[in-house]
Amino acid sequence: MGSGHSHSHSHDHGHGHGHGHGHSHAPADFGKAFAIGVVLNTAFVIVEATFGFISGSMALVADAGHNLSDVLGLLIAWGASVAAKKPPSDRFTYGLKSSTILAAFANAMLLLVAIGAILIETIDRLIDPVEPEGWTMIWVAGIGIVINTATALMFMRGRKHDLNIRGAFLHMAADALVSVGVVIAGVAILMTGYIAIDPIVSLVIVAVIAWGTWGLLKDSVKMGLLAVPDSVDDTKVRTYLRGLPGVEAVHDLHIWPMSTTETALTAHLVMPGGHPGDAFLREASHELEHHHAIGHVTLQVETTFDDCGDDCA
């Protein structure tokens, strides 16, 4: 088995130059967005809660509570994106990259809790209608639209490549929606005097948030279970490796997410003609990184097929 362990290290210094797909260095530039988002939203929570208590609007107080869960969501996503950049240690040999997966999952959970809270409040409103203050609702929610939309837009471009950023984006987008709903409800109530509009609009909003949350939850659970990331086509990867010159067979192929932006791969290549040399491994790693978005590749070369024992299956 001596020839077995040829690890390709081309990935270790591959992060300096920008990759076309923006997978490796996407998390780096959101620090400012997180900081601005946290400050703006914390200020908004204080303003909203204060007005809620003054005007006796339970809806505003409840919304302030929900916005507080957003600040928490942003802090979780931020903490993870910072942790993901920590260098590996003896104990955490990958660094803390997968904290971004845990954060995406935690954010999905937080959104579920927020949905539950809004639902309870809404059902309560339907059973026992309260006369809300139309104008206060409109003003405060108007500020909410501006703040949440601004924060959501800062995370907009990262949401496609990074599930952790998508979690932050969804929190903010969900909030902007809630605020739009409150404004619509406020205007409608002022015009018609029909107070049941408030809880009905709430129910519609809950349905929209639930839809986005389900996607986030599903994707973060898949990543947590180390499923092949959506950005990678495992059949194409297998075909590529199988088609390399001198490769008879490929077995023990594993592709898994190390974080919400980085992917790792290990595979055994059966090459009866002997070890092809480091250049071959470097080239394969380079190809996998640039065309399949897999940045951390380890290939093991074997000259005979039978020494993999029971693992062949």
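The values are calculated or read from the model by the stated rules, or taken from the named source; none is laboratory data. Keep in mind that what you see is a predicted model, and the values were worked out from it rather than measured. Glycine gets a Cβ as well: all are built from the backbone with ideal geometry, and neighbour counts include every protein chain shown. Side chains included, ligands, DNA and RNA excluded: accessible areas come from the protein's heavy atoms. Shrake-Rupley method; radii C 1.70, N 1.55, O 1.52, S 1.80 Å.
Tabulated data
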read-out	value
Computed E for ALA210/ALA43 - FRET, C-beta separation, R0 30 angstrom, nearest 0.05	0.60
Calculated FRET value between THR149 and PHE305, using beta carbons and R₀ = 51 Å, to 0.05	0.30
Packing-based ranking, highest mean first, of 211-217, 137-143 given that Cβ atoms within 10 Å are counted	137-143, 211-217
Accessible area per residue, Å², segment 40-171 with all protein chains present, probe 1.4 Å	50 Å²
Per-pair calculated FRET efficiency, R0 = 41 Å: ILE36 and ALA249 via Cβ, rounded to 0.05	0.20
Protein accessible area in segment 151-202, 1.4 Å probe - carbon and sulfur %	74 percent
Label corresponding to Rg/Rh (Cα atoms, Kirkwood Rh) when calculated from the structure given, among (1) 0.99; (2) 1.06; (3) 1.14	(3)
Span-like helix ranges in the chain, DSSP H, alpha carbon extent 15 angstrom or more, Kyte mean at least 1.0	31-55, 58-83, 99-127, 134-156, 163-192, 197-224
Positive minus negative residues near MET154 (Lys, Arg vs Asp, Glu; Cβ under 15 Å)	+1
Nearest-20 debye value, the chain charge dipole, Cβ charges on Lys, Arg, Asp, Glu	600 debye
